[in-house]
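The values are calculated or read from the model by the stated rules, or taken from the named source; none is laboratory data. Note that this is a predicted model, so its numbers are computed, not measured. For neighbour counting, all protein chains shown are included, and Cβ atoms are generated from backbone atoms with ideal geometry for every residue, glycine included.
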Amino acid sequence: MTDISRKQIRAAALVGITFSLLSCVADLALLYNPEGGYLAGDYAFLQGFSANRMAWGHFLGILFIPLQLVGLLPVYQGLRPMGRKYAGILFLLGVYNAYPGVAYHGSVAFIAESINHPGSPPVESLKVFSEPLAAIFVGGFLLLSLLFVVPVARGKSAFPRWMAFFNPMAIYLILLGLFFAVPLIGNPLLVAGFNFSLAVFFLLSLLTLQQDKIQESA
């Protein structure tokens, strides 16, 4: 991957942030219930959701989530001092991990249809196709966060060491804590947690990236 200028880094980060936030809108349309109930695992919180609302969340997520990947370009540049291969592996893993994320997002509308229309296939028969995708995505999200933490914490990146504490998974766990501590705020944030975490992460990456360290590693 070739070097990119500071202007290009800023543009890529802004694209990643923008589509991460738009994906949060898709999450809210697809999943948000003011009563919560997300952790029960039965998808009962989808009861009463209209087909029109589900369609908006379904298509916006499928179309916008992949475009977040542009925000990985500044992260790649910031990890280059650790080595181009290391940074490249993380970049490719981030791209690959978007696939199960988009596939899972696209499966929720069908589960909602099953819940809201008696006589449809039972939820349990549909979960077997969607839940493994969610598990793969979460595992990839965690692995990407760890691959970011290691070089940053060791001072082998173009990010300050404290950025290791603001990896995507750590940001998501903060949102999970808010869900329990301040439900009024944490409820909608948790629904959009993964996409919102990436938006915050891309923003912090843009603000803390030290361009001179990238040039020194070239």
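Of the residues that make up region 183-198, is at least one farther than 15 Å from TYR76 by Cα and of a type in the set (Ser, Thr, Tyr)? The answer is yes, given that some residue of region 183-198 is farther than 15 Å from TYR76 by Cα and of a type in the set (Ser, Thr, Tyr).
Of everything listed in (1) closer than 21 Å to THR208 by Cβ; (2) at pLDDT 95 or above; (3) among the acidic types (Asp, Glu), the single unmet condition for ASP27 is (1). Is region 46-61 home to any residue that is assigned to a helix (DSSP H, G or I), closer than 30 Å to ILE4 by Cβ and hydrophobic (A, V, I, L, M, F, W, C)? There is at least one residue in region 46-61 that is assigned to a helix (DSSP H, G or I), closer than 30 Å to ILE4 by Cβ and hydrophobic (A, V, I, L, M, F, W, C). Close Cβ contacts (under 6 Å, 6 or more residues apart or on different chains) running from residues in region 134-156 that are among the β-branched types (Val, Ile, Thr) to residues that are not in a loop (DSSP other than H, G, I, E, B) comprise ILE136/PRO100; VAL149/ALA164; VAL152/MET163; VAL152/ALA164. State yes or no: is GLU131 part of a helix (DSSP H, G or I), free of Cβ contacts under 8 Å to residues at least 12 places away in the same chain and among the acidic types (Asp, Glu)? The answer is yes for GLU131.
Taking the options LEU146, LEU133, LEU184, LEU189, name whichever one is out of contact with any Gly (no Cβ under 9 Å at 6 or more places or on another chain) and under 28 Å from GLU113 (Cβ atoms).
Working: LEU146 fails: under 28 Å from GLU113 (Cβ atoms); LEU133 fails: out of contact with any Gly (no Cβ under 9 Å at 6 or more places or on another chain); LEU184 fails: under 28 Å from GLU113 (Cβ atoms).
Of the residues listed, the single one that is out of contact with any Gly (no Cβ under 9 Å at 6 or more places or on another chain) and under 28 Å from GLU113 (Cβ atoms) is LEU189.
Quick grid of which residues meet (1) out of contact with any Ser or Thr (no Cβ under 6 Å at 6 or more places or on another chain); (2) in contact (Cβ under 8 Å) with a residue 60 or more places away in the chain; (3) crowded, with 21+ Cβ neighbours inside 10 Å; (4) not aromatic (Phe, Trp, Tyr):
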position	(1), (2), (3), (4)
ARG53	yes, no, no, yes
PHE64	no, no, yes, no
VAL75	no, yes, yes, yes
PRO81	no, yes, yes, yes
TYR86	yes, yes, no, no
LEU92	yes, no, no, yes
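Residue pairs, Cβ under 6 Å, 6 or more apart or interchain, first in region 159-171 and within 13 Å of VAL75 (Cβ to Cβ) and without any contact (Cβ under 8 Å) to a residue 60 or more places away in the chain, second surrounded by fewer than 21 Cβ atoms within 10 Å (Cβ to Cβ) and of a type in the set (D, E, K, R). List them. Close Cβ pairs (under 6 Å, with a partner that is surrounded by fewer than 21 Cβ atoms within 10 Å (Cβ to Cβ) and of a type in the set (D, E, K, R)) do not exist here. Filtering region 150-187 to residues that are within 25 Å of GLY71 (Cα to Cα), surrounded by fewer than 17 Cβ atoms within 10 Å (Cβ to Cβ) and of a type in the set (Phe, Trp, Tyr) leaves TRP162, PHE165.
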